[in-house]
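Okay, structure first, notes after.
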Amino acid sequence: MNATDTRDLIRRYVDDVWNRGDLAALEALTVPAFAYRLGGQPARAREALAQFIRGTHVAFPDWRVEILDLIVEDNRAAVRWSGQVTHLGPFRGVPPTGRRITVSGINVYEVSEGRIAVEWEQTDSLGMLQQLGVLPPA
């Protein structure tokens, strides 16, 4: 897979899976043994990520992030992303606040045979919790 194809795959994955919550696209764009790794948490399989995405879209129905940077090298891609979302449903035990917050993070992807095999994510969770009023500002 060349760099252009990898860029197209990652852009489609972010838009279809994360922004639209299209779980059929999650299955189509990832390998069966796909692993999602968020921070230092144990890896999640595809179905566990699907549940996480469903929950994210309940908590933030307007979830949409923009790719700010996309770098591809060999079979890896790195994405820096950001977006503004509104907290309208429960999130990590936090009842809806109605607040509009900024979310941001960096994800790294490993591609195998034209599909995503592994996704590593580092999200600014501290910033999210501060904006939701769960933690005091820095």
Problem set entry | Within the range 82-101, tally of residues that are over 16 Å from I53 (Cα atoms) and not small (G, A, S) | 8
For this session: Check the range 49-61 and report whether any residue there is over 26 Å from R100 (Cα atoms) and over 13 Å from the mean Cα position of the chain (by Cα).
Result: no
Exercise. Based on what the data block shows, is R76 closer than 20 Å to T30 by Cα and touching a residue at least 60 places away in the same chain (Cβ under 8 Å)?
Worked result: no
For this session: Filter the range 1-24 down to the residues that are of a type in the set (A, V, I, L, M) and surrounded by fewer than 17 Cβ atoms within 10 Å (Cβ to Cβ), then identify the one that is modelled with the highest pLDDT.
Result: A24
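On the basis of being among the aliphatic types (A, V, I, L, M), more than 28 Å from T4 (Cβ to Cβ) and touching a residue at least 12 places away in the same chain (Cβ under 8 Å), does L68 make the cut? Full working, then the answer.
On the way: among the aliphatic types (A, V, I, L, M): yes; more than 28 Å from T4 (Cβ to Cβ): no; touching a residue at least 12 places away in the same chain (Cβ under 8 Å): yes.
No; evaluated as a whole, the condition is false for this residue.
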Exercise. From the residues in the range 80-138 that are acidic (D, E) and either under 17 Å from W18 (Cβ atoms) or free of Cβ contacts under 8 Å to residues at least 40 places away in the same chain (or both), which one is surrounded by the most Cβ atoms within 10 Å (Cβ to Cβ)?
Worked result: E119
Exercise. Among the aliphatic types (A, V, I, L, M), more than 16 Å from E110 (Cβ to Cβ) and modelled with pLDDT of 95 or more: does that describe A59?
Worked result: yes
For this session: With respect to A59, determine if the residue is touching a Gly at 6+ places or on another chain (Cβ under 7 Å), of a type outside the set (S, T, N, Q) and crowded, with 16+ Cβ neighbours inside 10 Å.
Result: yes
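The values are calculated or read from the model by the stated rules, or taken from the named source; none is laboratory data. None of these values were measured; they are calculated from a predicted model. Note that we place each Cβ from the backbone using ideal geometry, even for glycine, and neighbour counts take in every protein chain shown.
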